[in-house]
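I have placed the structure first, in the form of structure tokens, so that the comments after it can refer back to it.
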Amino acid sequence: MSIAINLQKIKSVIPEQVTLVAVSKTKPIPDIMEAYTAGQRVFGENKIQEMVDKYDQMPKDIQWHMIGHLQRNKVKYMAHFVDLIHGVDSFKTLKEINKQALKNNRIINCLLQVKIAEEETKFGLEEIELEEIFNSNEFQELQNVNISGLMGMASFTSATEQVVQEFSSLKVLFEKLKNQHSTLSILSMGMSGDYKIAIAQGSTMIRVGSAIFGSRQ
Ligand SMILES: *Cc1c(COP(=O)(O)O)cnc(C)c1O
């Protein structure tokens, strides 16, 4: 099936207020161009260098989201254009993003990644660490980052109940923090295999790759 048709199918089943991030990692420019021609303007990549290369080659009205684990020494390469960074999982990284945003005279939108899955391999902050960040004096001084919301990845499992439970716990945490911090508006959760569950649990932004572009190598 074509990329345009896949996009259309997904858009027809998600609520209008949910943002669809088309995850184009590993996919070539012609594939991304097909999605662009079909009207898609928000794309997600998980490697900074790959995103920079694609940014250079693609039309400039695209919003590029960095969804992968961040290498701090590479933040500077995307600071002039990245629209939203999903995977911020340490205060050190947030400080580096702030520093590079300042150099570019920008305010960069960030999501704090929360660990909701059981798997040890998945990154993310614990609730206590989130609160430490929000409550620290140092955080108040970061003028060039905006914490727009939270991001999480559920366990890779066919046990639907567990996925529901993990997304729902993130939604509860999101609502709690949103009451205290007015900048929070985005809850990024849901991928090809679980975006319908995520939306039912309150997701406002889904990151979908293979269901649009086909499976990756
Ligand atoms: C690759 C990736 C996705 C998309 O995964 P699919 O299963 O192909 O939809 C979403 N979020 C993150 C963080 C990813 O790395």
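The values are calculated or read from the model by the stated rules, or taken from the named source; none is laboratory data. Everything quoted here is computed from the prediction, not taken from an experiment. With ideal geometry, Cβ positions are generated from the backbone for all residues, glycine too; neighbour counts draw on all protein chains shown. For accessibility, only protein heavy atoms count, side chains too; no ligands or nucleic acids. Shrake-Rupley method; radii C 1.70, N 1.55, O 1.52, S 1.80 Å.
Of the residues making up the range 1-25, those that are over 13 Å from ILE212 (Cα atoms), within 16 Å of the ligand (Cβ to nearest atom) and open to solvent by 40 Å² or more (accessible area, probe 1.4 Å) are VAL13, THR19. Of all the listed residues (HIS69, HIS65), the sole one being open to solvent by less than 50 Å² (accessible area, probe 1.4 Å) and either modelled with pLDDT of 95 or more or not aliphatic (A, V, I, L, M) (or both) is HIS65. Restricting attention to the range 80-94, the residues that are buried (at least 21 other Cβ atoms within 10 Å of the Cβ) and of a type in the set (Gly, Ala, Ser) add up to 1.
Per-residue answers, yes or no, for (1) open to solvent by 50 Å² or more (accessible area, probe 1.4 Å); (2) of a type in the set (A, V, I, L, M, F, W, C); (3) in contact (Cβ under 8 Å) with a residue 60 or more places away in the chain:
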residue	(1), (2), (3)
GLU96	no, no, no
ASN135	yes, no, no
GLU141	yes, no, no
PHE167	no, yes, no
LEU177	no, yes, no
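Where strands (runs of 3 or more DSSP E) fall entirely within the range 115-211, those with at least 2 residues that are in contact with a strand residue (DSSP E or B) (Cβ under 7 Å, 6 or more places away or on another chain), at pLDDT 95 or above and more than 16 Å from the ligand (Cβ to nearest atom) are at 145-152. Checking each residue in the range 42-62 for being open to solvent by 80 Å² or more (accessible area, probe 1.4 Å) and either in a helix (DSSP H, G or I) or touching a strand residue (DSSP E or B) at 6+ places or on another chain (Cβ under 7 Å) (or both) picks out GLN49, ASP56, GLN57.
Taking the listed residues LEU102, LEU111, the one that is touching a residue at least 12 places away in the same chain (Cβ under 8 Å), open to solvent by 90 Å² or more (accessible area, probe 1.4 Å), under 17 Å from LYS92 (Cα atoms) and outside any loop (DSSP other than H, G, I, E, B) is LEU102, with no other qualifying.
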